[in-house]
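Report on one structure; see the data block that follows.
The values are calculated or read from the model by the stated rules, or taken from the named source; none is laboratory data. Note that this is a predicted model, so its numbers are computed, not measured. Using ideal geometry, Cβ is built from the backbone for each residue, glycine included, and neighbour counts are taken over all protein chains shown.
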């Protein structure tokens, strides 16, 4: 887990460097040699951040909404095979379970906006939810060709069927569309609309 977390941290640093190059900026370059210690500085900043709870908010729901989203993200891993025989729950309807659990993640976003007791937070959460739902529809439809090729909903069997030829080879156009939908679902550039700032005219 530590290796995965460090790899993700440094891949994020690479992404920030690439995005800075695209936008003709320097990017992170102050912490350590060429900015290589930036992930550790980001982690330290994250742990030292002050917890701010709006005074008019629903405190229990405000604190529970992120926990709900995180719990649903972890529950989805229960049906994903990590190796031969290494799976928490080998469900016959694994893909249906995964799609159902991931679609419940939008409730955490809606609850966060609602619990803040602010119309701006609520509008922002509804906007983000609408975007997530629209991309989940595309993701769900793009899984159908894999189901047609494998004739099963069990993720372990789907993985075992790819011993000879990976499905990405015959389904390359679908894989590219799936990759684009994944970027959109996770709000990564160029689909980072929820992080955009609106400039109001004076």
**Item:** Odd one out for residue 55 among (1) exposed (fewer than 11 other Cβ atoms within 10 Å of the Cβ); (2) assigned to a helix (DSSP H, G or I)
**Value:** (2)
**Request:** Please go through segment 42-58 and pick out each residue that is within 19 Å of residue 116 (Cα to Cα) and free of Cβ contacts under 8 Å to residues at least 40 places away in the same chain.
**Result:** 49, 50, 51, 52, 53, 55
**Asked** Which of the following residues is surrounded by 15 or more Cβ atoms within 10 Å (Cβ to Cβ), assigned to a loop (DSSP other than H, G, I, E, B), free of Cβ contacts under 8 Å to residues at least 40 places away in the same chain and not assigned by TED's automatic domain parsing to the domain that holds residue 126: 39, 28?
**Response** 28
**Asked** What are the residues in segment 68-83 that are in a helix (DSSP H, G or I) and free of Cβ contacts under 8 Å to residues at least 40 places away in the same chain, if any?
**Response** 70, 71, 72, 73, 74, 75, 76, 77, 78
**Asked** For segment 1-28, how many residues meet the condition of being touching a helix residue (DSSP H, G or I) at 6+ places or on another chain (Cβ under 9 Å) and more than 22 Å from residue 188 (Cβ to Cβ)?
**Response** 0
**Request:** Scan segment 132-144 and give yes if some residue there is within 30 Å of residue 55 (Cβ to Cβ) and touching a helix residue (DSSP H, G or I) at 6+ places or on another chain (Cβ under 6 Å), otherwise no.
**Result:** yes
**Message:** residue 90 - would you say it is in contact with a helix residue (DSSP H, G or I) (Cβ under 6 Å, 6 or more places away or on another chain), surrounded by 14 or more Cβ atoms within 10 Å (Cβ to Cβ) and either touching a residue at least 12 places away in the same chain (Cβ under 8 Å) or not in a helix (DSSP H, G or I) (or both)?
**Reply:** yes
